[in-house]
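Peer 1: Before I ask anything, let me first share the structure, which is written out below as structure tokens.
The values are calculated or read from the model by the stated rules, or taken from the named source; none is laboratory data. This structure is a prediction, so every number in the text was calculated from the model and none was measured. Here the Cβ positions follow ideal geometry from the backbone for every residue, glycine too, while neighbour counts run over all protein chains shown.
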Amino acid sequence: MKFIEFEPFWQAAENLAKNTTNSAEDPEKRAKESFLITFIFMMLVYHIIAAAFEKYSPSWGHQTSVIVVLGIIWSLVLYAIHGGSSHIQIWINAYSFPTNLFF
């Protein structure tokens, strides 16, 4: 199984400025970009929800449960969009946890 390798953000920014190819032409690149955008967005939402839970201290739930539900919804949306696509395995690999990471 191949791990996704990411370059440092300053190199990625330079390569993005130089890069003239469209990510829609390369489904693996598009999946990596989508994963990074989703990861950063979910981290941002997690911290916003954690701050709201800290400020208002609701008597129900936890911020992690909200993120898990949003993740499930996001997975369903991706499956609805790309479920019949021939590139679905690339998307699955981009969003899967590597099984041999710790073992």
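Peer 1: Between a residue in segment 40-65 that is over 21 Å from Tyr95 (Cβ atoms) and any residue that is at pLDDT below 90 and not in a helix (DSSP H, G or I), which pairs come within a Cβ distance under 8 Å, given they are 6 or more apart or on different chains?
Peer 2: As it stands, the answer is Phe53/Gly61; Phe53/His62, since those pairs meet every condition given.
Peer 1: Identify all residues within segment 48-70 that are assigned to a helix (DSSP H, G or I) and surrounded by fewer than 14 Cβ atoms within 10 Å (Cβ to Cβ); write none if there are none.
Peer 2: Ile48, Ala51, Ala52, Glu54, Lys55, Tyr56, Thr64, Ser65, Val68, Val69 - these are the residues of segment 48-70 that are assigned to a helix (DSSP H, G or I) and surrounded by fewer than 14 Cβ atoms within 10 Å (Cβ to Cβ).
Peer 1: Only one of these is at pLDDT 65 or above and more than 27 Å from Val68 (Cβ to Cβ): Glu33, Glu25, Glu54. Name it.
Peer 2: Step by step, each of Glu33, Glu25, Glu54 is checked, and only Glu25 is at pLDDT 65 or above and more than 27 Å from Val68 (Cβ to Cβ).
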